[in-house]
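S.K.: This structure is in structure tokens; I'll ask about it shortly.
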Amino acid sequence: MSHTAEIIAVGTELLLGNISNTNAQAISQSLSALGINVFWHTVVGDNPQRLKEALDIARRRADIIITTGGLGPTYDDLTKQTICEAFGQKLVFHPEILEDIRTFYETSLHVPMPENNTQQAELPERGVIFDNPVGTAPGCAFESGGVHVLMLPGPPHEMSTMLRRCAEPYLRSLSHEVIVSRDIMTFGMGESSVEELLRNQMTHMTNPTLATYAKPFEVRLRATAKAPTEEEARAMLDPVEKMVRDTLGDLVYGVDVTGLPEACLELLRARGLTLATAESCTGGMAAQRITAIPGASRVYRGGVVSYWTSVKGDVLQVPREILDTYGPVSEPCARAMAEGARRITGADIAVSVTGAAGPDPDERGVPVGIVYIGLAAPEGTFCRSLDLGRRRRDRIQGLAANHAFDVVRRYLSGLSI
């Protein structure tokens, strides 16, 4: 049976724009992976009447309602009470839950529990209680009239923990089939172009399915299959992955990886090589991305952020004649930066980035969007020249960093850079 869900985020601060509705995004991503259709997002302030109206609408068009927020101990945290009233559920006090909340305050927060937290131990009489190991508000789920209602807390860390530990297993139990997804990661072509190449296949697919998602600076293709067992579902995804690889070729850089830095890190590990970086216009973005991955210290030696021209000369030892003749944003400079980073760190390979990120051309008049990626390796030094267009500064920086990792990835894979 196919399920349809509506997500209701509760909190006046969301409507005022004081915080972003990141919980709804995280829940949608989770439901997508579970094969549950999400057709509606609703945001309601801390107002019982308006929440009741939203619930009345949601129960008529969805068989799964997931709320987030409004489970705290303060006077305006009325989500649980309003939902139970709307669905005819009786609230029951659970002394063991109150003891868990009291223990959390005393052992984690080292303060006595305020008495108004007692209401958090009141939960629907018929349903499943969701434990909250990182906060005080337990969640819960119940079924009424064919509609499953799940209540999750508002703080993102608490919500994501409960979603993973409790809500996802509960939702999986609603189906006798197993849903498996595979993320095929690509770089080098925009979402619309990727979709155009795969449109004929995608429009005729029902199970498994294939959908494109534009990530920042790259495109993810998610293949999803539904089958009685996980093994059968995975087998159904194999020909889909092959079709995508046959169509897109070396634009595909990995499967079920978080991004290009992780793909590069795995290739470096596999080949037993080390990497260094030299960055100008990206300001250390490439170094930050790879060091954010656990285990990066095994392959990443270090980097230099040479924002000033003098740092390119004094630290990376870019020859003065290159800087005077060609300028800091040039192919010769990118090559020399990579060679300098490789030399001073002792890394096997080094990648460099220099360019004009804007909003204005550089001091020599190099247009915004011109970027050079250098790669120094035992076989020699290579360079990729780019014109990223007159984009926003942050977009140029992000794209330039991704191109740097793509150059590394292609070199390590024996592809043209």
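S.K.: Of ARG164, ARG172, ARG182, which residue is exposed (fewer than 13 other Cβ atoms within 10 Å of the Cβ), of a type in the set (Lys, Arg) and closer than 21 Å to HIS3 by Cα?
M.R.: ARG164
S.K.: Keeping to region 305-321, report how many residues are assigned to a loop (DSSP other than H, G, I, E, B), on the phi < 0 side of the Ramachandran plot and in contact with a helix residue (DSSP H, G or I) (Cβ under 7 Å, 6 or more places away or on another chain).
M.R.: Adding up the residues that qualify gives 4.
S.K.: Could I ask something else about it? Considering PRO359, PRO378, PRO332, which residue is of a type outside the set (A, V, I, L, M, F, W, C) and open to solvent by less than 50 Å² (accessible area, probe 1.4 Å)?
M.R.: PRO332
S.K.: Determine the pairs where a residue that is basic (Lys, Arg), located within region 399-417, has a partner that is open to solvent by 10 Å² or more (accessible area, probe 1.4 Å) and at pLDDT below 95 with Cβ atoms under 6 Å apart, the partner being 6 or more residues away or on another chain.
M.R.: ARG410/ILE417
S.K.: In addition: Inspect all residues belonging to region 213-223 and state whether any of them is in contact with a strand residue (DSSP E or B) (Cβ under 7 Å, 6 or more places away or on another chain), basic (Lys, Arg) and open to solvent by 10 Å² or more (accessible area, probe 1.4 Å).
M.R.: Yes; the residues of region 213-223 include at least one that is in contact with a strand residue (DSSP E or B) (Cβ under 7 Å, 6 or more places away or on another chain), basic (Lys, Arg) and open to solvent by 10 Å² or more (accessible area, probe 1.4 Å).
S.K.: Looking only at region 244-256, which residues are surrounded by fewer than 17 Cβ atoms within 10 Å (Cβ to Cβ) and either of a type in the set (A, V, I, L, M) or under 21 Å from LEU375 (Cα atoms) (or both)?
M.R.: ASP250, VAL255
S.K.: On to the next question. Which condition number in (1) of a type outside the set (Val, Ile, Thr); (2) surrounded by fewer than 18 Cβ atoms within 10 Å (Cβ to Cβ); (3) within 22 Å of SER413 (Cβ to Cβ); (4) touching a residue at least 40 places away in the same chain (Cβ under 8 Å) is the one that LEU275 fails?
M.R.: Result: LEU275 fails condition (2) only.
S.K.: Now, a different point. Go through (1) over 30 Å from ASN207 (Cα atoms); (2) touching a residue at least 12 places away in the same chain (Cβ under 8 Å) one by one and return the number of the condition TYR326 breaks.
M.R.: Failing condition for TYR326: (2).
S.K.: State all residues of region 107-130 that are at negative phi and within 34 Å of the chain's Cα centre (by Cα); if no residue qualifies, say none.
M.R.: Answer for region 107-130, where residues must be at negative phi and within 34 Å of the chain's Cα centre (by Cα): THR107, SER108, LEU109, ASN117, GLN120, ALA121, LEU123, PRO124, VAL128, ILE129, PHE130.
S.K.: Across region 1-47, what is the total count of residues that are among the hydrophobic types (A, V, I, L, M, F, W, C), out of contact with any Lys or Arg (no Cβ under 9 Å at 6 or more places or on another chain), surrounded by fewer than 14 Cβ atoms within 10 Å (Cβ to Cβ) and under 24 Å from VAL178 (Cα atoms)?
M.R.: 1
S.K.: Another question about this same structure. Determine which member of the set GLU85, GLU143, GLU125, GLU99 is without any contact (Cβ under 8 Å) to a residue 60 or more places away in the chain and touching a Lys or Arg at 6+ places or on another chain (Cβ under 6 Å).
M.R.: GLU125
S.K.: Kindly indicate whether GLU266 is surrounded by 13 or more Cβ atoms within 10 Å (Cβ to Cβ), within 30 Å of ASP314 (Cβ to Cβ) and of a type in the set (Asp, Glu).
M.R.: Considered against the rule, which asks whether it is surrounded by 13 or more Cβ atoms within 10 Å (Cβ to Cβ), within 30 Å of ASP314 (Cβ to Cβ) and of a type in the set (Asp, Glu), GLU266 comes out as no.
S.K.: Please state which one of ARG384, ARG364 is basic (Lys, Arg) and open to solvent by 50 Å² or more (accessible area, probe 1.4 Å). Steps first, please.
M.R.: Values: ARG384 fails: open to solvent by 50 Å² or more (accessible area, probe 1.4 Å).
Testing whether each residue is basic (Lys, Arg) and open to solvent by 50 Å² or more (accessible area, probe 1.4 Å) leaves just ARG364.
S.K.: Restricting attention to region 294-305, does a residue exist that is over 19 Å from the mean Cα position of the chain (by Cα) and polar (S, T, N, Q)?
M.R.: Yes - at least one qualifying residue is present in region 294-305.
S.K.: Have a look at ILE349, ILE344, ILE396, ILE373 and point out the one that is hydrophobic (A, V, I, L, M, F, W, C), surrounded by 22 or more Cβ atoms within 10 Å (Cβ to Cβ) and over 19 Å from TYR411 (Cα atoms).
M.R.: None of the others qualify; the one that does is ILE396.
S.K.: Checking GLU122 against (1) of a type in the set (D, E, K, R); (2) buried (at least 19 other Cβ atoms within 10 Å of the Cβ); (3) in contact with a His (Cβ under 8 Å, 6 or more places away or on another chain), which test does it fail?
M.R.: For GLU122, the exception is condition (2).
S.K.: I'd like the full set of residues that are at pLDDT 95 or above, among the small types (Gly, Ala, Ser) and in contact with a Lys or Arg (Cβ under 9 Å, 6 or more places away or on another chain), limited to region 224-258.
M.R.: Within region 224-258, GLY254 is the sole residue that qualifies.
S.K.: Further, regarding this structure: Check ASN132 against each of (1) at pLDDT 90 or above; (2) in contact with a Pro (Cβ under 8 Å, 6 or more places away or on another chain); (3) open to solvent by less than 10 Å² (accessible area, probe 1.4 Å) and name the one condition it does not meet.
M.R.: Of everything listed in (1) at pLDDT 90 or above; (2) in contact with a Pro (Cβ under 8 Å, 6 or more places away or on another chain); (3) open to solvent by less than 10 Å² (accessible area, probe 1.4 Å), ASN132 misses just condition (3).
S.K.: Filter region 29-74 for residues that are free of Cβ contacts under 8 Å to residues at least 40 places away in the same chain and more than 31 Å from the chain's Cα centre (by Cα) and give the result.
M.R.: ASN47, PRO48, GLN49, ARG50, LYS52, GLU53, ASP56, ARG60
The values are calculated or read from the model by the stated rules, or taken from the named source; none is laboratory data. Everything numeric here is computed off the predicted structure, so don't read it as measured data. Cβ atoms come from the backbone with ideal geometry, glycine included; neighbour counts cover every protein chain shown. We work out accessible area using only protein heavy atoms, side chains counted, and drop any ligands, DNA or RNA first. Shrake-Rupley method; radii C 1.70, N 1.55, O 1.52, S 1.80 Å.
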